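Working notes for the structure below.
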Amino acid sequence: MSVAVIGSINTDVTTYGVALPRLGETVMGKNYAIELGGKGANQAAAAARLGAEVEFVGRVGADAFGELALAHLCEFGVSTRYATKDKEAATGIAIIGVDAQGQNAITIIPGANMRLGEKELTDALPALDKAKVLMLQLEIPIPTCLAAARAARERGVVVVLDPAPAPLGPLPEELYPLIDVITPNETEAEVLLGFRPRTLDEASRAAREFIERGAHSAIVTLGSRGAFLARSKIRGDLPEGPLAPFAVEPVSTVAAGDCFNAGLAVALAEGRDLMEAARFACACGALCVTRPGSAASAPQRKEVEELLARAA
Ligand code: RIB
């Protein structure tokens, strides 16, 4: 079972403290970590930890951070044969603050991620030839995402788009019909749709709007309030509806969405139905928030299965 990720890779500099600084404020933190991050790399690492064979397509700078980030990704068991180095741009960096409630604030300097273009994608197309699922996010150029989604659809590969971070403008209209599952959180849904879903009813409305735009299915996630899955009726009357949250003690929400998407992609690549895959994904996201770290916070398969069994 094989998953491809075309996306970002960063070095994360993460501080942990009681509170995030307000504008103009300096606060004392407790500790910090420098580690592998980037939504693409986190999703690739999490999928590999769940047992998938993973190809990562991304771009780092020709610098020490890039070397380290790729080496870390390899340690997760991810293939980086289609990751490239850019002599003109630095490896992406994310500066992350995490407070005592596990909430985070992130600033990204994308660097080489934004130079992942048509040439790199063309060279990496063999990664799609054997993939069952492609995972995309929005920390690389949107035209590259669009071309990748198109190439995946031509090959019958399932396309999962995590529209994160929320784009500055609308997504290209032609992207939506290429997406099998779009997985926005409430902020991303708000930016893309113009209203913020805060309840499961509102998440259901938001999910339907993504389907009206052409996505085949949509899972709108609300963090500790659960998620809502809606599906296009064109393919029949398939199960859809709310997904209950798993109650966990939050330590850090960083990469929760990445673990959710990785769980979803792995379960779909294994041939599970979307509703079941979404439940598996929710368990992955929930476990991620119980520990610090970016890529490092990805759960093991056994933990996910135990959490699902306890909740059954
Ligand atoms: O989703 C979390 C990730 O967002 C971090 O690892 C950071 O690098 C940013 O890409």
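Points to keep in mind about this one:
- Counting only protein heavy atoms and a probe of 1.4 Å, the accessible surface of the stretch 80-229 is 52% carbon and sulfur.
- Projecting the Cα atoms of 156, 11, 84 onto the charge dipole of the stretch 1-157, computed from C-beta unit charges around the Cα centre, puts 156 farthest toward the positive end.
- Highest mean first, the peptides 6-13, 80-87 sorted by other C-beta atoms within 10 Å per residue fall in the order 6-13, 80-87.
- Take the Cβ atoms of residue 81 and residue 309, set R0 to 45 Å, and the FRET efficiency comes out at 0.80.
- Modelled FRET efficiency - R0 25 Å, residue 125 with residue 212, Cβ distances, 0.05 increments: 0.20
- Average accessible surface area per residue within the chain, 1.4 Å rolling probe, Å²: 43 Å²
- Packing here is the average count of other Cβ atoms within 10 Å per residue, and on that basis the peptides 44-57, 275-288, highest first, run 44-57, 275-288.
- Evaluated with a Cβ-only charge set (Lys, Arg +1; Asp, Glu -1), the stretch 263-312 carries a dipole of roughly 140 debye about its Cα centre, given to the nearest 20.
- Order by protection proxy (mean Cβ within 10 Å, highest first), peptides 301-310, 106-115: 106-115, 301-310
- Members of 30/119; 233/302; 130/302; 39/130 lying beyond 32 Å, as alpha-carbon distances in this model show: 30/119; 233/302
The values are calculated or read from the model by the stated rules, or taken from the named source; none is laboratory data. This structure is a prediction, so every number in the text was calculated from the model and none was measured. Ideal geometry is used to build each Cβ from the backbone, glycine not excepted, and the neighbour counts take in all protein chains shown. Areas reflect the complete protein model, heavy atoms only, side chains present, ligands, DNA and RNA absent. Shrake-Rupley method; radii C 1.70, N 1.55, O 1.52, S 1.80 Å.
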